[in-house]
Ligand SMILES: Nc1ncnc2c1ncn2[C@@H]1O[C@H](COP(=O)(O)OP(=O)(O)OP(=O)(O)O)[C@@H](O)[C@H]1O
Ligand SMILES: [Mg+2]
């Protein structure tokens, strides 16, 4: 992948399970955001990206979105000068029948985020970071997507809000598979059954999340932490885990090449 003449990604291969949460991990600057932007068609890419079997690697962003990927970007992409309701409204996809048939699913969004209903008329720029994240994730649930991609949804949030966002991601993943870019390993351990780890723009590891985090040497080498790190410890909670065993048919397969 080339950005401004620089090759950022060199060989990124991973699958997203067709249910639950798959984590995309790696140290700062490893290429996680660039990878999800490549999936969305927001940076030039070559190679193969398949969504439920359909090749999407040559599609522009609006067509990728129409194929059913909801994207909550790293910077949240909220329109600060618009209300919560207007931000959601802008995310509604045109409904023209076929695969996209169906009204925007406000019932689901309001069930998961009652606060968004209560704050419908509030300017999004005046929301807290956690509430803005709810808008960003809520937008991805409005349309009947095949996949949700969330890029560091808990970045910069207070611990209590992180738990709330985690709960929401777990519930969202019961409806739609989620590709989660995340640095909070406690959260990753709780939510994600499988993971891919990037290092220097390549896939350095793929496999079971709990196994990776239990392997002190591998966790240190790949993520910079050991298993005794407080963020990595503790068993996955079965009540909140939406992790699925690696699915037979991945929802997304990528082989991004320079
Ligand atoms: N527009 C750009 N021009 C030049 N280099 C870039 C550009 N965007 C990203 N990079 C570089 O590509 C590499 C990967 O960046 P990327 O943002 O994908 O990493 P990341 O894993 O998401 O990091 P973080 O954890 O900090 O979000 C970094 O070295 C970064 O400096
Ligand atoms: Mg990033």
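Return yes when residue 87 is over 18 Å from the mean Cα position of the chain (by Cα), surrounded by 18 or more Cβ atoms within 10 Å (Cβ to Cβ) and more than 16 Å from ligand 2 (Cβ to nearest atom) and no when it is not. If you could, list the steps in order and put the result at the bottom.
Details: over 18 Å from the mean Cα position of the chain (by Cα): yes; surrounded by 18 or more Cβ atoms within 10 Å (Cβ to Cβ): yes; more than 16 Å from ligand 2 (Cβ to nearest atom): yes.
Taking the combined requirement at face value, the residue satisfies it.
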**Message:** Out of the residues in segment 1-24 meeting the condition of being more than 9 Å from ligand 1 (Cβ to nearest atom), modelled with pLDDT of 90 or more and outside any loop (DSSP other than H, G, I, E, B), tell me which one is nearest to residue 221 (Cα to Cα).
**Reply:** 23
**Prompt:** Can you find a residue in segment 198-209 that is within 16 Å of ligand 1 (Cβ to nearest atom) and either more than 21 Å from residue 28 (Cα to Cα) or crowded, with 24+ Cβ neighbours inside 10 Å (or both)?
**Reply:** yes
**Asked** Looking at segment 179-227, which of its residues are in contact with a helix residue (DSSP H, G or I) (Cβ under 8 Å, 6 or more places away or on another chain) and in a loop (DSSP other than H, G, I, E, B)?
**Response** 182, 184, 201, 225, 226, 227
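Taking the conditions exactly as written (without any contact (Cβ under 8 Å) to a residue 60 or more places away in the chain and more than 12 Å from the chain's Cα centre (by Cα)), does residue 193 satisfy them or not?
Details: without any contact (Cβ under 8 Å) to a residue 60 or more places away in the chain: no; more than 12 Å from the chain's Cα centre (by Cα): yes.
Spelling it out, it is not the case that residue 193 is without any contact (Cβ under 8 Å) to a residue 60 or more places away in the chain and more than 12 Å from the chain's Cα centre (by Cα).
Here's the yes/no breakdown for (1) farther than 20 Å from residue 194 by Cβ; (2) touching a strand residue (DSSP E or B) at 6+ places or on another chain (Cβ under 8 Å):
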{"residue": "25", "(1), (2)": "no, yes"}
{"residue": "37", "(1), (2)": "yes, no"}
{"residue": "45", "(1), (2)": "yes, yes"}
{"residue": "53", "(1), (2)": "no, no"}
{"residue": "63", "(1), (2)": "yes, no"}
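Can you tell me which residues in segment 152-167 are away from ligand 1 (no atom under 16 Å from the Cβ) and assigned to a loop (DSSP other than H, G, I, E, B)? I'd like the intermediate steps shown before the answer.
So in segment 152-167, the residues away from ligand 1 (no atom under 16 Å from the Cβ) come out as 158-167.
Within segment 152-167, just 158 meets the criteria.
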**Request:** Could you identify the single residue in 70, 81, 41 that is farther than 30 Å from residue 220 by Cβ and within 16 Å of ligand 1 (Cβ to nearest atom)?
**Result:** 41
**Asked** Assuming residue 192 fulfils every condition listed in (1) modelled with pLDDT of 90 or more; (2) within 28 Å of residue 83 (Cβ to Cβ) apart from one, which condition is it?
**Response** (2)
**Asked** If you take the residues of segment 31-50 that are touching a residue at least 12 places away in the same chain (Cβ under 8 Å), within 13 Å of residue 65 (Cα to Cα) and within 16 Å of ligand 2 (Cβ to nearest atom), which of them is surrounded by the fewest Cβ atoms within 10 Å (Cβ to Cβ)?
**Response** 42
**Request:** May I ask you to list the residues in segment 181-190 that are touching a residue at least 40 places away in the same chain (Cβ under 8 Å) and away from ligand 1 (no atom under 12 Å from the Cβ)?
**Result:** 185, 186, 188, 189, 190
**Message:** Residues that are farther than 20 Å from residue 165 by Cα and at pLDDT 90 or above: list the helices (runs of 4 or more DSSP H) wholly contained in segment 83-133 that include at least 1 such residues.
**Reply:** 84-91
**Request:** With the condition kept exactly as written, say whether any residue in segment 111-119 is in contact (Cβ under 8 Å) with a residue 40 or more places away in the chain, crowded, with 16+ Cβ neighbours inside 10 Å and more than 16 Å from the chain's Cα centre (by Cα).
**Result:** yes
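Surrounded by fewer than 16 Cβ atoms within 10 Å (Cβ to Cβ), touching a residue at least 60 places away in the same chain (Cβ under 8 Å) and under 20 Å from the mean Cα position of the chain (by Cα), is that true of residue 60?
Details: surrounded by fewer than 16 Cβ atoms within 10 Å (Cβ to Cβ): yes; touching a residue at least 60 places away in the same chain (Cβ under 8 Å): no; under 20 Å from the mean Cα position of the chain (by Cα): yes.
For residue 60, the condition - surrounded by fewer than 16 Cβ atoms within 10 Å (Cβ to Cβ), touching a residue at least 60 places away in the same chain (Cβ under 8 Å) and under 20 Å from the mean Cα position of the chain (by Cα) - is not met.
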**Asked** Can you find even one residue in segment 63-81 that is over 14 Å from residue 132 (Cβ atoms), part of a helix (DSSP H, G or I), in contact with a helix residue (DSSP H, G or I) (Cβ under 6 Å, 6 or more places away or on another chain) and modelled with pLDDT under 95?
**Response** yes
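The values are calculated or read from the model by the stated rules, or taken from the named source; none is laboratory data. Here the structure is a predicted model, which means the values were calculated and not measured. We place every Cβ from the backbone using ideal geometry, glycine too, and count neighbours over all the protein chains shown.
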